[in-house]
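Okay, structure first, notes after.
Derivation of every value follows stated rules applied to the coordinates shown; laboratory data play no part. All values reported here derive from a predicted model rather than from experimental measurement. Glycine also receives a Cβ, built like all others from the backbone with ideal geometry; neighbour counts cover every protein chain displayed.
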Amino acid sequence: MFNDIGPLELLTIVVIAVLVFGPDKLPKVIQDVTRTIRKIREFSESAKQDIRNELGPEFKDFEFEDLNPKTFIRKQLDNDELGLKEIRNGFDLKKEMAEVTDAVNSRDTEAPSSSASSSSSASSSSSSGSGGRIDMTKKPEEPGNDDRPPFDADAT
């Protein structure tokens, strides 16, 4: 419970408690605090037991700590029934990244040859160049000064 409190901090708390409650009332305050903590623990254990009884025998292995999302995910990922360890061990991130890099680089080398052939057909359709794919490396054509955007009467 007090894992993160050091000895100097604990001494400070004791000194403040003696100053606030006084040396004669301090034992009574400590008894009251411990009694309250004990009652809260008993109440929580009783509530947990009531919930387990209400859930029935199907949930006899149910632990309230499993409701913590981190604990739940960790427990599910450590489960060997799903075969996730084999998938995780079979996945090589460096190999996958190298394949993606090769695919991107080969696509860049193909882009200039396909853009030269599609530039003649660019006037017919801007999205049909290179087999229905949009070339993201090519800059969009600038409309000329004489070209006016289409007028949409319904939009105004």
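Backbone geometry of segment 28-45 corresponds, through the Karplus equation with coefficients 6.51, -1.76 and 1.60 at θ = phi - 60°, to 3J(HN,Hα) couplings of 5, 5, 5, 5, 5, 5, 5, 5, 5, 5, 4, 5, 5, 5, 4, 4, 5, 5 Hz, x marking Gly and Pro. List the residues of segment 7-44 whose backbone N lies under 15 Å from a point placed 7 Å from the Cα of residue 64 along the Cα-to-Cβ direction. Within reach of a label on residue 64, which here means backbone N under 15 Å from a point 7 Å along Cα→Cβ, segment 7-44 contributes 37-44.
Here segment 1-63 is assigned +1 on the Cβ of each Lys and Arg and -1 on the Cβ of each Asp and Glu. Its dipole about the Cα centre then comes out at about 360 debye.
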